[in-house]
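The values are calculated or read from the model by the stated rules, or taken from the named source; none is laboratory data. As the structure is a computational prediction, the values presented were derived from the model and not from experiment. All Cβ positions, even for glycine, are placed from backbone atoms using ideal geometry, and neighbour counts span all protein chains on display. Quick note on the areas: whole protein, heavy atoms, side chains included, nothing else; ligands and nucleic acids left out. Shrake-Rupley method; radii C 1.70, N 1.55, O 1.52, S 1.80 Å.
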There are 2 protein chains.
Amino acid sequence: MERTQRWRAHGGWQEVWRHQSQATGTSMEFSVFLPEAAAEARLPVVWFLSGLTCNWANVTEKGEFRAACARHGLIFVAPDTSPRGEGVPDDPEGAYDFGLGAGFYVDATRNPWARHYRMRSYLEQELPTLVAAQFPADMNRQGIMGHSMGGHGALTIALRNPDRFGAVSAFAPIAAPSDCPWGQKALGLYLGEDRGAWAEYDACRLIEAGHRVRALRVDQGAADGFLDEQLKPEALRKACERAGQPLELTLHEGYDHSYYFISTFMADHLNWHAARLKG
Amino acid sequence: MERTQRWRAHGGWQEVWRHQSQATGTSMEFSVFLPEAAAEARLPVVWFLSGLTCNWANVTEKGEFRAACARHGLIFVAPDTSPRGEGVPDDPEGAYDFGLGAGFYVDATRNPWARHYRMRSYLEQELPTLVAAQFPADMNRQGIMGHSMGGHGALTIALRNPDRFGAVSAFAPIAAPSDCPWGQKALGLYLGEDRGAWAEYDACRLIEAGHRVRALRVDQGAADGFLDEQLKPEALRKACERAGQPLELTLHEGYDHSYYFISTFMADHLNWHAARLKG
């Protein structure tokens, strides 16, 4: 694993790392913010999973997370959203919502996707091991968050691994991928048309099947153009209500799907994670 | 003047406007953040002038200014760095440090630059009038800041118009453009080789000539690759000391020339401006 870039920021270091991934069979990059306190202590880790078309750079440049991470002493890790590079197949028509930049945090089972599109294994197993070995990370105190497709990733990874994450939050997550066009396309191609195989990649269905997390927060812009067709926070609310899963869901008037929305509520999310990870 | 984009952000609105400029003879764009308090009161205005290659988007996406502007009730205006569009001549070799994205906040006097490169008139006269007419801006309480070439712009505009600005601050400004390659190239081409004509576009020379500002702050990264050759904060320090112009100059270990540096100290700068504009 090699560090490719770093910048002094908010008293700590914003870094970018590259490594050869066993899970995806490709070179992968991620960013990590190490607050000043990381020089002296093992710190909680918050994972941020990005949305369609993004890589580590979007939240790293626009996410406005460093001030709050510096204040609370949180390590912030932002992985890529898919494998990339020569030999990694993309959407046949180059669409933005599948293939490169759109891994949907699954382990694909269908060809030609199954060889490289293994973001679930990458994020649940490989990358945490590398992070624990390389950085002063207290892996007993982890939170996870994400945006849109990455909100879907954060919710499903946390629901499948509830002992690992003290808190999970999402900005405008794809909350019910089995029931929206983005999710149906991606899960259908990566996993095949048997919808039984989709259940472990659908937050609502995981909750219906009995999965629980300790603390769950979702913020959603009411002016988000993807709200009704793709995101469906009401489906998540209903699933949580039926299951008795506590959910803090807030709809914010006027906010859309952009990083202007994310950056507005990022500090609130990090304060919320810090309270649950450090308490 | 027409609004081309807006996003809800930090309780207010981040907007982008376009208008036909009399000064530059081109269509110009700028961004403006209107905090929630702008719905009910006239608010102080802070201008942010960007560096080489930038337009309004760089600081608007990466500057991390909105939280502090929302807290203090500050309108934040980010203009472009040059005229653009068909018929606007660029650097003959397409260099990044002259022409498009590199107007250096001067009124050019040499052809072919003199027709469109009139960023001084645009920022000193035209745009303030438009801002005062369009937004709930209290033009009696203005601050100005900038980065690199925009730090140069902020310093020189404030020094030439000290009654207008209660405070001026800069991140890594080009502090002595008559004595660095960036400045010599730009001022030589825009104004000609008579260095007498450069004096009103050089912060050190303006201070030597007797210009003063009420409050002056500069933050500079010690690991900035442009520090010694292009930026020369020590020249500004000496000019201020000789002239009795108060200057708060801080060198920050490890920080470079990037937005990771700017965003780290943006809230400090806005707190500092707010204290001087609202007191």
Self-check item: Shape call, the range A:111-155: gyration tensor on alpha carbons, a/c limit 1.5
Solution: oblate
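Determine the share of the range B:79-208's accessible area contributed by carbon and sulfur atoms, expressed in whole percent, with a 1.4 angstrom probe.
Details: 1940 of 4330 Å².
Carbon and sulfur together cover 45 percent of it.
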Exercise. Kindly write out, for the range A:222-230 in residue order, the coupling ³J(HN,Hα) from the Karplus curve 6.51 cos²θ - 1.76 cosθ + 1.60 (θ = phi - 60°), rounded to whole Hz, with x marking Gly and Pro.
Key: 6, 9, 6, x, 9, 3, 6, 7, 10
Practice problem: Classify the range A:83-239 as rounded, prolate or oblate, taking a ≥ b ≥ c as the square roots of the eigenvalues of its Cα gyration tensor: rounded when a/c is under 1.5, otherwise prolate if a/b is larger than b/c and oblate if not. | Solution: oblate
Quiz prompt | Convex hull of the range A:121-214 built on C-alpha atoms - directionally averaged projected area, nm² | solution = 6.2 nm²
Quiz item: Which of the residues in the range A:61-82 show a loss of at least 30 Å² in accessible area from their chain by itself to the complete set of protein chains, at a probe of 1.4 Å?
Solution: A:Glu61, A:Lys62, A:Glu64, A:Arg66
Practice problem: With 20 Å bins from zero, work out the P(r) of the protein assembly as shown over every alpha carbon pair and list the percent per bin. | Solution: 21, 48, 27, 3
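Where Lys and Arg each count +1 and Asp and Glu each count -1, what net charge lies around A:Glu61 among other residues with Cβ under 13 Å from its Cβ? Write down the numbers at each step before the final one.
Details: positive: A:Lys62, A:Arg66, B:Lys62; negative: A:Glu64, B:Glu61, B:Glu64.
So the environment of A:Glu61 carries a net charge of 0.
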Quiz item: Averaged across the residues of B:257-267, what count of C-beta atoms belonging to other chains lies within 10 Å of each residue's C-beta?
Solution: 4
Practice problem: Would you mind computing, in nm to one decimal, how far apart the modelled labels at A:Thr109 and B:Gln134 are, each placed 7 Å from Cα along Cα→Cβ? | Solution: 5.5 nm
Self-check item: 7 Å along Cα→Cβ, label-point gaps from A:Ala223 to other copies, nm, shortest first
Solution: 3.9
Quiz item: Considering every residue in B:246-254, what mean count of other chain Cβ atoms within 10 Å of its Cβ is obtained?
Solution: 1
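Helix-only mean residue ellipticity at 222 nm, chain B, DSSP H runs n ≥ 4 weighted -39,500 (n - 2.57), per residue, nearest 500. What is it? Intermediate values should be presented prior to the final figure.
Working: 8 runs with 82 residues, N = 279.
One gets -8500 deg cm²/dmol as the mean residue ellipticity at 222 nm.
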Exercise. Could you work out the local net charge near B:Asp179, counting Lys and Arg as +1, Asp and Glu as -1, over the other residues with Cβ closer than 12 Å to its Cβ?
Key: 0
Exercise. Hey, could you get me the Stokes-Einstein D for the range A:164-279, Kirkwood radius over alpha-carbon pairs, 37 °C and 0.692 mPa s, rounded to whole µm² s⁻¹?
Key: 220 µm²/s
Self-check item: Kirkwood Rh in Å, taken over all unlike Cα pairs in the range A:17-147
Solution: 15.2 Å
Quiz item: Normalized C-alpha radius of gyration of chain A, against 2.2 N^0.38 Å?
Solution: 0.93
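Give, as a single signed number, the net charge of other residues whose beta carbon lies under 12 Å from the beta carbon of A:Lys232, with Lys and Arg counted +1 and Asp and Glu -1.
Computed value for this residue: -4.
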Quiz item: According to the square roots a ≥ b ≥ c of the eigenvalues of the Cα gyration tensor, what is the shape class of the range B:169-213, taking rounded for a/c under 1.5, prolate for a/b larger than b/c otherwise, and oblate for the remainder?
Solution: oblate
Quiz item: How far, in whole Å, is the nearest Cβ of chain B from the axis relating it by rotation to chain A, and which residue carries it?
Solution: B:Glu64, 3
Practice problem: For B:His252, enumerate residues with amide H under 5 Å from its amide H, sequence gap 5+ or separate chain, H modeled in the peptide plane. | Solution: B:Gln220, B:Gly221, B:Ala222
Exercise. Please give the solvent-accessible surface of A:Lys185 in Å², to the nearest 10, using a probe radius of 1.4 Å with every protein chain present.
Key: 60 Å²
Quiz item: Per the Cauchy relation, a quarter of the hull surface: what is the mean projected area of the convex hull of the alpha carbons in the range A:144-196, in nm²?
Solution: 3.7 nm²
Practice problem: Work out which residues of the range A:1-37 lose at minimum 40 square angstrom of accessible surface when the other protein chains are put back, relative to the chain isolated, with a 1.4 angstrom probe, and list them by number. | Solution: A:Trp7, A:Arg8, A:His10
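With a probe of 1.4 Å, find how much accessible area the range B:1-100 has per residue, and write the answer as a whole number in Å². Can you show the working numbers first?
On the way: 3760 Å² over 100 residues.
Per-residue value: 38 Å².
Within the accessible area of the range A:227-279, what % is carbon and sulfur when the probe is 1.4 Å and the other protein chains stay in place? Don't skip to the end; give the middle numbers.
On the way: 1190 of 2450 Å².
That share works out to 49 percent.
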Quiz item: In terms of Cα to Cα distance under 25 Å, which lysines are near enough to A:Lys278, apart from those fewer than 8 places away along the same chain?
Solution: none
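If you take every DSSP beta bridge fully contained in the protein assembly as shown, what fraction is antiparallel? Give it as a percent rounded to 5.
Numbers: 42 of 90 bridges.
Bridges in the protein assembly as shown that DSSP calls antiparallel: roughly 45 percent.
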Quiz prompt | Placed amide H near A:Phe76: partners under 5 Å, 5+ positions off or other chain | solution = A:Phe33, A:Val46
Quiz prompt | Among B:Val59, B:Val88, B:Val45, residue whose mean-square fluctuation peaks in a GNM of chain B (springs only between Cα atoms under 10 Å) | solution = B:Val88
Quiz item: What does the highest-first list of B:249-261, A:6-18 look like by mean Cβ count within 10 Å?
Solution: A:6-18, B:249-261
Practice problem: Excluding residues on the same chain fewer than 8 positions from B:Lys62, give the aspartates and glutamates whose Cα lies under 13 Å from its Cα. | Solution: A:Glu61, A:Glu64
Quiz item: Out of B:Leu74, B:Leu49, B:Leu216, any idea which swings most in a Gaussian network model of chain B, alpha carbons joined below 10 Å?
Solution: B:Leu216
Quiz prompt | Kirkwood Rh, angstrom, the range B:18-81 [1 / mean 1/r, Cα pairs] | solution = 12.6 Å
Quiz prompt | Protein accessible surface hidden between B and A, which excludes ligands and nucleic acids, total in Å², probe 1.4 Å | solution = 1900 Å²
